[in-house]
Amino acid sequence: MNVLKIAIQKNGRLSENSKKLLEECGIKFSNGISVLKTTAQNFPVELLFLRDDDIPQYVEQQVADIGILGENVVFEKNKDVNIIEQLGFAGCRLSIAIPKEETYTGPGYLMNKKVATSYPKILSDFLKKNNITAEIEEISGSVEIAPGIGLADAVCDIVSSGSTLLTNGLKEVETILKSQAIIIGNKNLSKAKQDILASLLFRIRAVKNAKENKYILLNAPESAVEKICAILPGMKSPTIVPLVEKGWCSLHSVVKEDEFWERINQLREAGAEGILVIPIEKMIL
Ligand code: ATP
Ligand code: MG
């Protein structure tokens, strides 16, 4: 049957954002028929709810065709799958942390020490690359308490704000990997499934582009238009609409989310007034 099976995390930090992304792509799910599986009403996809650790294996074996999960788990599991798209949410890093009163001297600090982690493969690659011999203590959760209870000298764990480390008397000293949510795919998808994936990716990119950009409207004297256009490159070029007030116009354009504060100062200096910045729902380039 031509349905693309998508594995997402059942319960956890990725679940809500994964479902939200698909909903923003206009895909509707009838929730609740089964807790493990649901079929979309208006798009040929089926959702499988799994533990994130199992997703790479299931995608490799084509129990699922594609999966949404963190890069950290993809690299740790090291399965034979394609990396298809970065999704820009669930940003975090995998870092080494040590007791805060210790002095870190570089990776050599870990020599002959015991490091607790849920990421033994990534950690062991890091240690090998730095010619460090250390003992890896594999634990599946609450890694950050390991030094406090005498189980390890250091940890290699997921960090986002660092507050969990701090409350456990640890400090982050080395980032091994930066991670975000990605889509992985089976390497042997049929033509029909590849076509469904292509139309899903088209929608996902439209949603992602929209999030990364803002629609901006502003008023300016006609004499400032040229200068303002140079600051606002837009998708093609800004739209300019005359105002009733003589000598004034309204400019409409698109700016990147991460650039817009910087641009807004430049625009005000150039003579722009009444600046409105509006979210975009979908953006097809
Ligand atoms: P499961 O029960 O499915 O195995 P889990 O406990 O392994 O879940 P979560 O804690 O829900 O996993 O985290 C899932 C993913 O979210 C992580 O693999 C990572 O990519 C990302 N993540 C983890 N912690 C954070 C954080 N503090 N901030 C942002 N993203 C995070
Ligand atoms: Mg997990």
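The values are calculated or read from the model by the stated rules, or taken from the named source; none is laboratory data. All figures in this text were calculated on a predicted structure; none of them were measured in a lab. Side chains included, ligands, DNA and RNA excluded: accessible areas come from the protein's heavy atoms. Shrake-Rupley method; radii C 1.70, N 1.55, O 1.52, S 1.80 Å.
Brief remarks follow.
- Amide H contacts under 5 Å for ILE280: TYR215, restricted to partners 5 or more places along the chain or on a different chain, H placed in the peptide plane at 1.01 Å from N.
- Among the protein heavy atoms, those of THR105 account for about 110 Å² of accessible surface (1.4 Å probe, every chain in place).
- Ellipsoid fit via the Cα gyration tensor, region 213-279: semi-axes of 18, 12, 10 Å, each the root of five times an eigenvalue, largest first.
- Stretchable slack from SER223 to ASN265, in nm (0.36 nm times residue separation minus alpha-carbon distance): 13.3 nm
- Largest to smallest in accessible area, the residues MET111, MET283 fall in the order MET111, MET283 (1.4 Å probe, all protein chains included).
- Ranking by accessible area, most exposed first, for LYS128, LYS282, LYS193 with a 1.4 Å probe: LYS128, LYS282, LYS193
- Cα-Cα over 26 Å, subset of LYS129/LYS171; LYS129/LYS211; LYS193/LYS256; LYS10/LYS121; LYS121/LYS171: LYS129/LYS211; LYS193/LYS256
- Hz values of 3J(HN,Hα) by residue in region 197-213 - Karplus curve (6.51, -1.76, 1.60), Gly and Pro given as x: 4, 4, 6, 5, 5, 4, 5, 4, 5, 5, 5, 5, 4, 4, 5, 7, 10
- Shape box of the chain [Cα atoms, principal axes, largest first, Å]: 76, 56, 32
- Three-way shape call for region 92-179 based on the alpha-carbon gyration tensor, with the a/c threshold at 1.5: rounded
- Quick note on region 25-150: its Rg to Rh ratio, both from C-alpha atoms and Rh being the Kirkwood radius, is 1.08.
- Each helix, a run of at least 4 DSSP H residues, gives -39500 (n - 2.57); summed and divided by the residues of the chain, these come to -8000 deg cm²/dmol at 222 nm.
- Computed with a 1.4 Å probe over protein heavy atoms only, the accessible surface of region 92-179 comes to 51 Å² per residue.
- Cut-off under 5 Å, modelled amide H: who pairs with TRP248 long-range: GLU222, LEU243
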